Amino acid sequence: MTDKTYTIRPAVPDDAPSYNAFLRRLAEEPNNGVTFHSGEFTATEDETRERIQKVIESNNMMIYVAINDDNLVVGECSGFSSSRRARMHNVGLGLSVDKDWRRLGIGRGLMDAMIAWATDNPQVHRLELEVFHDNYHAINMYLRLGFVLEGRRRNAFRKHGKFKDAYMMSILFERDED
């Protein structure tokens, strides 16, 4: 078995081609755990570059990527928020790891990086996510990281011809009110 090494770091605009290729691979994977279907990820490299740049310039959004030795994206954790004052403290998370790179600690490393960013960011009060109810590995990891199960959205998604429930989970960071 070859040694799979990777680096976790914030995404940069030059990651756009590899980032897009990663998400397209993920969408094509049978029984994937993501909320989009095959062919639904249609962002161009320029659109992704602009999106990453917007995240870099914001104070309440972040994208971390896991990069292998060939400088290819093999995992990502994205956190997006609103510019509306009533919601800008909430950051919604997405986490994905390439099927050939799972069970190596990449998901945990990406989440650790995101939680550290949120902990140090006075703008962020809440990280929130949805996870398919049958994604036991992810649910257990989120619970170990301190996320709390808030509820279940019944038939929230339709994947592979079947409805799937999703759990809502969050972790809160104590902040002084403005």
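What pairs can you find where one residue is in region 40-64 and free of Cβ contacts under 8 Å to residues at least 24 places away in the same chain, the other is not in a helix (DSSP H, G or I), and their Cβ atoms are less than 8 Å apart, with a gap of 6+ or different chains?
Going by the 8 Å Cβ cut-off, the qualifying pairs are ARG51/ALA43; LYS54/MET61; SER58/SER81.
Hey, does region 142-152 have a residue that's out of contact with any strand residue (DSSP E or B) (no Cβ under 6 Å at 6 or more places or on another chain) and touching a residue at least 40 places away in the same chain (Cβ under 8 Å)?
no
Checking ARG84 against (1) exposed (fewer than 11 other Cβ atoms within 10 Å of the Cβ); (2) modelled with pLDDT of 95 or more: exactly one of these is not met. Which one?
(2)
Return the only residue of PHE157, PHE163 being among the aromatic types (Phe, Trp, Tyr) and exposed (fewer than 11 other Cβ atoms within 10 Å of the Cβ).
PHE163
Would you tally the residues in region 93-127 being without any contact (Cβ under 8 Å) to a residue 24 or more places away in the chain and assigned to a helix (DSSP H, G or I)?
2
Restricting to region 128-158, and then to whatever is part of a strand (DSSP E or B) and touching a Gly at 6+ places or on another chain (Cβ under 9 Å), can you tell me which residue is modelled with the lowest pLDDT?
So the residue we want is PHE132.
I'm told SER96 meets every condition in (1) crowded, with 16+ Cβ neighbours inside 10 Å; (2) closer than 20 Å to PRO17 by Cβ; (3) at pLDDT 95 or above; (4) not acidic (Asp, Glu) except one. Can you identify the failing condition by its number?
Among (1) crowded, with 16+ Cβ neighbours inside 10 Å; (2) closer than 20 Å to PRO17 by Cβ; (3) at pLDDT 95 or above; (4) not acidic (Asp, Glu), the lone unmet condition for SER96 is (3).
Residue by residue through region 9-30, note down the ones that are over 11 Å from VAL65 (Cβ atoms), in contact with a helix residue (DSSP H, G or I) (Cβ under 7 Å, 6 or more places away or on another chain) and acidic (Asp, Glu).
GLU29
The values are calculated or read from the model by the stated rules, or taken from the named source; none is laboratory data. The structure presented is a predicted model; accordingly, all values stated were derived computationally and were not measured. Ideal geometry is used to build each Cβ from the backbone, glycine not excepted, and the neighbour counts take in all protein chains shown.
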